[in-house]
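Everything on this sheet refers to the single structure shown next.
Bear in mind that the values in this text are calculations on the coordinates, not laboratory data. Keep in mind that this is a model prediction, so the values were computed, not measured. Cβ placement follows ideal geometry from the backbone for every residue including glycine, while neighbour counts extend to all protein chains displayed.
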Amino acid sequence: MASIPELQHTVGKTAGFSGTSLHTGEKVSLKLHPAPADHGIKFKRKDLQDEPTIDANIDNLKTVERATTLGEGAMRVHTVEHVLAALSAMGVDNAVVEMDANEPPIGDGSAQSYVDLIKKAGVTAQEQPRRFFDVREPMHVESKTGALLVLLPDDTFRISCTQAGPNNRFAQFLSTEITPAIFEREIAPARTFVYYEDVQPLMEKNLIKGGSLENAIVIRGDAVLSKEPLRFADEFVRHKILDIIGDLALVGRQIRGHVVAVKPGHAANAELARALAREQTRRSAMSAPRAIPLGDGGLDTDEIMKILPHRYPFLMVDRVIGFEGENKITAVKSITINEPFFQGHFPGHPVMPGVMQVEAMAQVASLLLFKLAKTTSRIGYFMSADGVKFRKPVLPGDTMFIHAELTKSRGERLAKAKCHCVVNDAVVSEGELMFMFLDK
Ligand SMILES: [Zn+2]
C-alpha cells in the first residue's frame, strides 16, 4: 500500500514579536508571514529601501563567525540559525521572516521565543508534498578544529552530539530524534553559551551591545554565570543540537538521516549543509528526463528559432524536451564532429569548449525566461556566471542534456538560473547565470 505523502506546511497567520538585537543592542521586531508551497523560507528586510528578500539557502551563506550570516549584494541578515532551527524543527517549510533590522531578536538566547511565535501563528498543511533529503550513504565533513560531522541513513531525522569545552570541561553527550514535540520540549529552551575568554575581547570592542546574562550563559573557568539557573544539566550539548538544526535548515529540505556530531560548530555545520546541497543538485540533475519524448510539451528547432535570435554556428539548442512547472526546463543538444569549433578545439583532439556549454546554458535559460515573460517587449541580457565548473570533457557523439532552473527573479529586471549540462548520467558542467531585462 502506498503511504500518503507528507505535505508542506506554512504558518496559519501572520504573527510577530519584538526584542533586542544581539550585535547592535537595538530594538527589532520580527513577523512571520504565511507563504505559498515551494516558496521556502525567505528573510525580508523591512527597514531597507525596496524591502529586499533573501532565500534561507546555503548558496547565500556569507560568514559563520560566531553566528550564521546570509547575504546577497550589500544586504545581510545575521544570526539566523535559531529562528531557522525553530521553523525547520516545527515543520514550517514555507514562510517569510520579516524584520526591521539586520538580525532577529535574540530573545533569551534559545529558540523558545520562535517556538512560541510559531505556535501563536499556527502551522497549516499545504497541497504540495514536502521535500526531503534522504541520506543514502554515509557522508562526512571534518575540520582542523576537531569538528567531525557524519551523516548516516535513517528513517527519521536524528542527531547524536558531543560537546566539550576547553580542557574537556563540561563534556556532554545527547542522542535524540528531532520531532516538533521533542524539539519544543528538549532542544528549543537550551540557551546560547559562551566562554568568558571568547567574549571578553568582543565586549571590549563593543561588538555585542545587546549581549547580557539574560540572553547567554557565560562559562568562566568552572563557573557557569547566567541570570537563570541551567535549564538542563546538559544544556550546552542541547544548544549545539539546536545550532546544527538551524544550519542544516539551509539545505531547504527536511532531512531523513542521522547526524553524528563531534565538537560541531557553525563552520563545520555549514560545510555539511553545502555537501548535502551539492548531492541534492547532482540527484536533481540525474532525475530529470533524459529521453527525448515524442509529441508535444517541448519545442522543436523551428519553434526555438522563433524565440532565440541565435543561428548557425551559434545556436546551441536542438530541442526543448519539456518544462516542469513554472521554473524548470530541460533541453538537448547533440554534439557531432561537424560542430565548427572542433576544427580548432583541438585539431586531432576534439573537445567541446566549456564556454560553449555556458552559452548553451544561457540559451536554454533564455527560453525559460521567455516563456515566463508576460511581454515580449523586453530582451534578456546575460550578465554574469557564478560558480561555473567543468567536470568532464564533452566529445563528438555525446548527447548533452541542458537543465535550467530559475532560482530567483528579483523584481522585474533581474533573474538567476541554476544550470547543469549532463552527458551519460554525469554532470559535465554547471553554473549559476544572471540575466537582466531591458526594453527593446
Ligand atoms: Zn546558537
> For the chain, what are the DSSP H helices with axial Cα length of 15 Å or more and mean Kyte-Doolittle hydropathy of at least 0.0?
Replying inline: 235-248, 354-372
> Farthest toward the dipole's positive end in the chain, which of V317, V428, A190, given Cβ charges of +1 (Lys, Arg) and -1 (Asp, Glu) about the Cα centre?
Replying inline: V317
>> Whole angstrom only: what separates the Cα centroid of segment 415-437 from the Cα centroid of segment 184-245?
In response: 42 Å
>> To make sure I understand the rule: partners must be aspartates and glutamates, Cα under 18 Å from the Cα of K62, and not fewer than 8 residues away in the same chain. Which ones qualify?
In response: E72, E81, E103, D243, D247, E271, D386, E432
> So which GluC sites (Glu not before Pro) in segment 320-399 pass both tests, a DSSP loop state and at most 11 other Cβ atoms within 10 Å of the Cβ?
Replying inline: E326
> Taking the Cα centre of segment 7-286 as origin and charging only Cβ (+1 Lys, Arg; -1 Asp, Glu), how large is the dipole, in debye to the nearest 20?
Replying inline: 100 debye
> Using the 10 angstrom Cβ neighbour count as an exposure proxy, how do E142, E72 rank, fewest first?
Replying inline: E142, E72
> What distance in nm separates the simple spin-label points at R256 and V351, each placed 7 Å from Cα in the Cβ direction?
Replying inline: 4.1 nm
>> To make sure I understand the rule: partners must be lysines, Cα under 16 Å from the Cα of K205, and not fewer than 8 residues away in the same chain. Which ones qualify?
In response: none
> Working out 0.36 nm times the residue gap between D154 and A426, then minus their Cα-Cα distance, what length gain in nm do you get to one decimal?
Replying inline: 95.3 nm
> With each label point set 7 Å from Cα along the Cα-Cβ vector, what nm distance links S143 and E6?
Replying inline: 2.7 nm
>> Test of understanding: ordering V364, V64 by Cβ neighbours within 10 Å, fewest first, what list do you get?
In response: V64, V364
>> Below 29 Å, Cα to Cα, which lysines can K371 reach? Residues fewer than 8 away in the same chain don't count.
In response: K42, K44, K306, K328, K333, K389, K408, K416, K418, K440
>> At a 10 Å Cβ-Cβ cut-off, how would you order M356, M361, fewest neighbours first?
In response: M356, M361
>> Give me the extension gain from N206 to R136: residue separation times 0.36 nm, minus the current Cα-Cα distance, reported in nm with one decimal.
In response: 20.6 nm
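Can you give me the relative contact order of the chain as a percent, contacts being Cα pairs under 8 Å and 6 or more apart?
14 percent
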> About its Cα centre, how strong a charge dipole does segment 98-254 have in debye, to the nearest 20, once Lys and Arg get +1 and Asp and Glu get -1 at the Cβ?
Replying inline: 80 debye
>> What does the charge count around P396 come to, taking other residues whose C-beta lies under 13 Å from its C-beta (Lys +1, Arg +1, Asp -1, Glu -1)?
In response: -1
